[in-house]
1. Beyond 23 Å between alpha-carbons counts as too far, so tell me which of 91/113; 55/227; 22/227; 55/154 fall in that bin.
2. Report the gain in length on full extension from residue 250 to residue 214: 0.36 nm times residue separation, minus Cα-Cα distance, nm rounded to one decimal.
3. What percentage of the solvent-accessible surface of the range 3-108, computed with a 1.4 Å probe over protein heavy atoms, is contributed by carbon and sulfur atoms?
4. Are there any chymotrypsin sites (Phe, Trp or Tyr not before Pro) in the range 1-71 that are in a DSSP loop and have at most 12 other Cβ atoms within 10 Å? List them by number.
5. Which of 180, 363, 197 ends up with the largest GNM mean-square fluctuation for the chain, with Cα atoms connected below 10 Å?
6. Quick one: compute a quarter of the convex hull surface over the Cα atoms of the chain and quote it in nm².
7. What share of the DSSP beta bridges in the chain is antiparallel, in percent to the nearest 5?
8. Tabulate in residue order the Karplus-calculated ³J(HN,Hα) for the range 385-395, using 6.51 cos²θ - 1.76 cosθ + 1.60 with θ = phi - 60°, rounded to whole Hz; enter x for Gly and Pro.
Amino acid sequence: MDAFIIDGPTTLHGDVAIAGAKNAALPLMAAALLGNGESVITNVPDLADTRFFLKLLEELGMAGEFSNNTLRLDPTVRELETTAPYDIVRKMRASIYVLGPLLAARGESRVSKPGGCAWGPRPVDLHMAGMMALGAEVEEDHGYIVARCPGGLKGGRFRFEPVSVGATCNVLMGAVLARGETLLENCAREPEVVQLGEALIGAGAHIEGLGTQTLQIQGVDSLSPLKCAVIPDRIEAGTFLAAVAVAGGRVRLAGCRQDHLEPIIGVLRDLGCVISEEGDFLVVERTGQLQPVKVETQPFPGFPTDMQAQVMAAAALADGVSFITDTIYPDRFTHVAELERLGARIELKNGTATIMGVSELQGAPVMATDLRASAALVLAGIAAQGRTTVRRVYHIDRGYERIEARLAALGARIERVKDS
Ligand code: EPU
């Protein structure tokens with residue numbers, strides 16, 4: 001297992017290029033199951049999660065080739081398997097994304113039921129109910145979700161409650177090949193969902209309402225292969241913006257979509273960052289004292305849950321008291337105890353973290369339990385006095401391409417070492 005050793009404090013200066021979005025790439029990869037030939041997806045981030053999802057697709061019978069951030073996926077070279085086994089799903093919850101496409105393409109899918117995750121329960125009831133609304137028979141059998149539609153899926157009506165990124169993508173992937181019209185209400189509007197819809201439209205699907213809460217889908221008989229470039233990762237971009245908030249300095253981000261970043265930029269400005277555009281770059285600068293913030297996570301276009309840990313690392317050093325509430329995942333606070341080890345003062349009550357800003361953090365050994373929590377600890381380590389060791393960085397490798405090399409290029413003293 002690898003660890004990061006970080007010697008702080010350092011400020012950050014320079015340019016960084018933003019990679020393709022993990023959470024956009026995964027549903028696009030699943031959607032390749034629906035095409036009638038070889039899909040080509042470019043700007044795919046080379047991450048543990050994308051590699052792992054490719055392995056799942058290959059086990060299902062897809063032909064796959066991944067090089068230079070370009071992924072070629074062909075589901076037509078052999079008969080597809082319809083089971084996503086426990087050993088794969090337990091390592092990656094996003095495996096549930098094959099449920100809808102396999103059902104639409106093969107008339108059957110069996111996906112091991114994902115369990116909870118490090119910070120609490122993450123149900124998949126909406127994925128199952130959505131498939132039933134499209135006419136599938138869905139049951140649970142010995143830990144598996146088993147869905148069948150021998151005569152094919154048919155159009156239906158379904159309302160997501162609460163809003164769910166994953167379930168919206170999954171049901172959309174089923175509905176594009178269902179017979180007749182489907183109406184989906186209270187859909188997620190995240191850029192990753194919009195990208196999936198656009199890629200499906202590019203392959204011949206009929207979808208109206210992308211980017212709104214209501215999607216109308218007219219099923220088609222078949223889809224061409226997907227051809228698309230993954231959108232820039234707004235959470236990775238947000239993490240680099242937050243890194244400058246925490247550590248101070250001036251960094252230019254290349255290749256990000258500012259329209260996807262508005263809710264994050266708003267909070268970073270409240271923290272005291274100056275954010276501007278310079279040609280194609282988004283520039284973030286923080287030289288003054290960090291200011292306290294009040295943040296509540298919400299579905300897009302609200303502030304993303306995937307950024308609250310990183311913002312908390314900045315709030316830990318603010319001149320006053322900040323409040324962070326996660327309404328999407330009220331228990332997603334495994335970073336709190338670890339930030340406290342670095343000297344942060346945080347109280348957790350009823351899904352809200354109250355952060356009493358301190359004037360400095362101190363390096364210490366810490367351990368991450370999930371992807372964004374690890375990112376927050378790395379940022380805090382860069383700003384902390386002395387040495388921080390972040391253990392179990394495989395979590396961070398799931399969602400950031402070589403983050404230590406890119407932070408080091410900006411001036412952070414961070415290196416990857418082998419840990420026992
Ligand atoms: N929910 C249900 N039933 C369901 C599905 C979701 O009640 O069947 C609830 C969840 O418990 C949660 C809310 O709906 O309270 C929203 O969850 P959502 O389904 O939107 O989450 P997800 O699709 O499982 C994706 C991202 C997460 C990100 C969330 C929220 C991927 C692969 N994962 O998960 O990303 O936190 O949306 O934006 O796209 C990450 O990248 O670190 C990460 C965890």
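The values are calculated or read from the model by the stated rules, or taken from the named source; none is laboratory data. Just so you know, these numbers come straight off a predicted model, no measurement behind them. Here Cβ is always computed from backbone atoms with ideal geometry, including for glycine, and neighbour counts include all displayed protein chains. Just so you know, the surface numbers come from the protein's heavy atoms only, side chains and all, with ligands and any DNA or RNA stripped out. Shrake-Rupley method; radii C 1.70, N 1.55, O 1.52, S 1.80 Å.
1. Values: 91/113 12 Å; 55/227 20 Å; 22/227 17 Å; 55/154 30 Å.
Flagged as over cut-off: 55/154.
2. On the way: separation 36, 0.36 × 36 = 12.96 nm, distance 4.03 nm.
Working it through step by step, the gained length comes to 8.9 nm.
3. On the way: 1560 of 3690 Å².
Answer for the range 3-108: carbon and sulfur cover 42 percent of the accessible area.
4. Values: sites: 4, 52, 53, 66; in loops: none.
When the chymotrypsin sites (Phe, Trp or Tyr not before Pro) of the range 1-71 are filtered for loop state and at most 12 Cβ neighbours within 10 Å, nothing remains.
5. It is 180.
6. 18.5
7. Details: 59 of 84 bridges.
Counting only bridges with both partners in the chain, antiparallel ones make up about 70 percent.
8. Karplus values, whole Hz, x for Gly and Pro: 6, x, 9, 10, 10, 9, 8, 6, 6, 4, 4.
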